[in-house]
1. Looking at segment 80-128 only, could you name the residues that are out of contact with any strand residue (DSSP E or B) (no Cβ under 6 Å at 6 or more places or on another chain) and among the small types (Gly, Ala, Ser)?
2. With the checklist (1) surrounded by fewer than 20 Cβ atoms within 10 Å (Cβ to Cβ); (2) under 20 Å from Thr7 (Cβ atoms); (3) modelled with pLDDT of 95 or more in hand, flag the one item Ser131 doesn't pass.
3. Have a look at Ser119, Ser75 and point out the one that is within 16 Å of the chain's Cα centre (by Cα), more than 30 Å from Ala138 (Cα to Cα) and surrounded by 14 or more Cβ atoms within 10 Å (Cβ to Cβ).
4. For segment 1-33, name all the residues that are closer than 19 Å to Pro102 by Cβ and either touching an Asp or Glu at 6+ places or on another chain (Cβ under 7 Å) or small (Gly, Ala, Ser) (or both).
5. How many residues are under 29 Å from Ser142 (Cβ atoms) and buried (at least 16 other Cβ atoms within 10 Å of the Cβ) when one looks only at segment 14-61?
6. So Ile72 passes all but one of these: (1) touching a Phe, Trp or Tyr at 6+ places or on another chain (Cβ under 6 Å); (2) under 19 Å from Thr7 (Cα atoms); (3) not aromatic (Phe, Trp, Tyr). Which condition number does it fail?
Amino acid sequence: MSLSDPTQQEIVEEFELLSDWTDRYQYIIDLGRKLPEFPVEQKTEANRLHGCQSQVWVVAETHDNSVHIEAISDSAIVSGLIALMLRVYNDRDAGTIVSTPPQFIDAIGLTNHLSPTRSNGLNALFQKIQSIARLTLAKQAS
């Protein structure tokens, strides 16, 4: 499967190199360990993402039309899923974020290998990123 977004295509190709889901889960966990340090003072209720079984915190700021997102979870696998989402959406133009669906999720088989609660959490993160990007576009339009 070839995806139109080059970053998502890279993710698909990386996962194709891993032979089974044990290796893929380990890779996801390793990605989460590489997330930048999240400021402890940002781990507030206001920054907590609801809809996740694990605790997840998300902060974002915009520079011109670009959206910078930082996020972390208290769960290793969820942090890895965050790392994948940030790889696709972080520091991108708000319009690009809004118009780019996370096709890599189905393409690498995550849909079939995540628990319902983790799938819901991943969707909640995607919706939060989309909401931030739409708000950025609305501010620019006004």
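1. Correct list: Gly80, Ala83, Gly95, Ser99, Ala107, Gly109, Ser115, Ser119, Gly121, Ala124.
2. For Ser131, the exception is condition (2).
3. Of the residues listed, the single one that is within 16 Å of the chain's Cα centre (by Cα), more than 30 Å from Ala138 (Cα to Cα) and surrounded by 14 or more Cβ atoms within 10 Å (Cβ to Cβ) is Ser75.
4. Ser2, Ser4, Gly32
5. Count: 6.
6. The single condition Ile72 does not satisfy is (2).
The values are calculated or read from the model by the stated rules, or taken from the named source; none is laboratory data. Fair warning: this is a prediction, and the values are worked out from it, not measured in the lab. Note that we place each Cβ from the backbone using ideal geometry, even for glycine, and neighbour counts take in every protein chain shown.
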